[in-house]
1. For a quick size check, give me the Cα extents of region 28-318 along its three principal axes, largest first, whole Å.
2. Pulled fully out, how much extra length does the chain show between residue 356 and residue 261, if you take 0.36 nm times their separation in residues and subtract their Cα-Cα distance?
3. Distance between the C-alpha centers of region 243-284 and region 161-231? Whole Å please.
4. Report the extension gain between residue 130 and residue 337 in nm, rounded to one decimal, defined as 0.36 nm multiplied by the number of residues separating them, less their alpha carbon distance.
5. Order by neighbour count: 270, 217, fewest other Cβ atoms within 10 Å first, most last.
6. Among 237, 257, 182, which comes first, then next, by fewest other beta-carbon atoms within 10 Å?
7. Ratio to report: Rg/Rh of region 115-154, with Cα atoms as the point set and Rh obtained by the Kirkwood method; give two decimals.
8. Return the distance in nm (one decimal) between the two label points of a simple spin-label model at residue 364 and residue 184, each offset 7 Å from Cα along Cα→Cβ.
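Values quoted throughout were computed directly from the atomic coordinates according to the rules given, and no laboratory measurement underlies them. No experiment lies behind these values; they were computed from the predicted model shown. All Cβ positions, even for glycine, are placed from backbone atoms using ideal geometry, and neighbour counts span all protein chains on display.
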C-alpha cells in the first residue's frame, strides 16, 4: 500500500510538471536600518552623495535558514529569487508589498528545496506574477507539489531556468543566468539557478545552493563571473564557494543568508576564513538581519537591519560586535540519534542532506557497516558525509558494524 501511495504521488507531480513547464510589512523584516556607504570599485577613494534617481536595490531578506532575494531595477521592474521556507511566505509577501510592489515581473525558484521554495506559494498567491522560472527537475516533496498547484491555479506557465537565459526586463541592466549548465546532476543543489546582474560598474552574482560541480561548470563554460557582490552559495557551506570559484568572482562584499544557531553549522569556519583571507567584507542575515544594497551603477549603499559592521573575522566566537549572534557549534546542539540501518523513510530525512530520494537509496543499500559507507548513496560525497558526521545524528549500531564506528 505504501508503494502504491508513493507511486501515485510521483505520478501527480509528473503530471503537474508536464502541464506547467513551457519548452525552452512584517515586524521582523526591515526594522531599524543602519547605513554603510561603500564603493563599487576596489581602487576608488571617494564616494559622492547618493541620488534617488537611477538606483537599483537588491534586498537580501532575512528568512532564517533559507534564501529570499528581491531585486528592484532602476526602471521599477522586479525579480524575486526564492522565498524562504513555508513559514516565511506571508512575511516575504508582506515585505514586498511594503516596498510599494504589487507585481513581480520575474520569479525564480532556484531549485526545489523547501528552504528556497517553501514560501513561494504564499507570495504567488498574494501578488501578481508575470513570469516564473524553475530548473527542469522534479521533487517528491509536498512543498514542491503545493507550489506547482499554486502556479497552475494562477494560470502561469513555468519557463525553464538554465544557463544562457537573458532577461530583457530593463534596458539599463544586464541579467543573465549562468547556471545550471547541465540537464542532470547527482544532487539537487547543483540544479540551482545562478544569476549575474550588472548595472553600470556595479555587479552581483546571486546563487542558490550551487556546489562545486556547478561552480566548475560555470568556469569551464567561460562565463564572466567577476562581480563586486557575491551572494555566497548554500548558506556558507563548505560544499560550495571553492577557492577557484572565489578567485574568479573576486568580490569585495559577500552576503551569507543563514539562520542563527542552525543545526548545520552554517556558515562553516573554512568558508568564513576563505572570505576573510581574501579581504572580503562579510554580511550575514543571522547577525545583521535584512540587508539592502542600493547602487547607482557606481557606488553601493549597504543598509543593514541590525547594528553591526562588515565582519571579516573567520572565528565567530571572537566577534567583538555586541549585537552579533554567536553561531552554534553543531556538536553543542542536542540531537536524537538515528540508526541508518533501522530508521524509517521519514526518520532518515531528519538527517542533514537526506531527503526522500537519498532516504530511499539508504534503505535499498542497507545494511551499512559504518557511516562512511553513506558515500555509496548517489549524491552523497565527501563534503556531505562530513556534514552528516559533524551533525552527530546518524550512527550504526555496534553489533551491526562489528564494533567499528
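1. 51, 41, 37
2. 31.7 nm
3. 18
4. Values: separation 207, 0.36 × 207 = 74.52 nm, distance 4.58 nm.
That works out to 69.9 nm of additional length.
5. On the way: 270 13, 217 20.
Ranked by crowding around the Cβ, least crowded first: 270, 217.
6. On the way: 237 24, 257 32, 182 13.
The fewest-first ordering by Cβ neighbours comes to 182, 237, 257.
7. Computed over Cα atoms, the ratio is 0.92.
8. Spacing of the two 7 Å Cα→Cβ label points: 1.3 nm.
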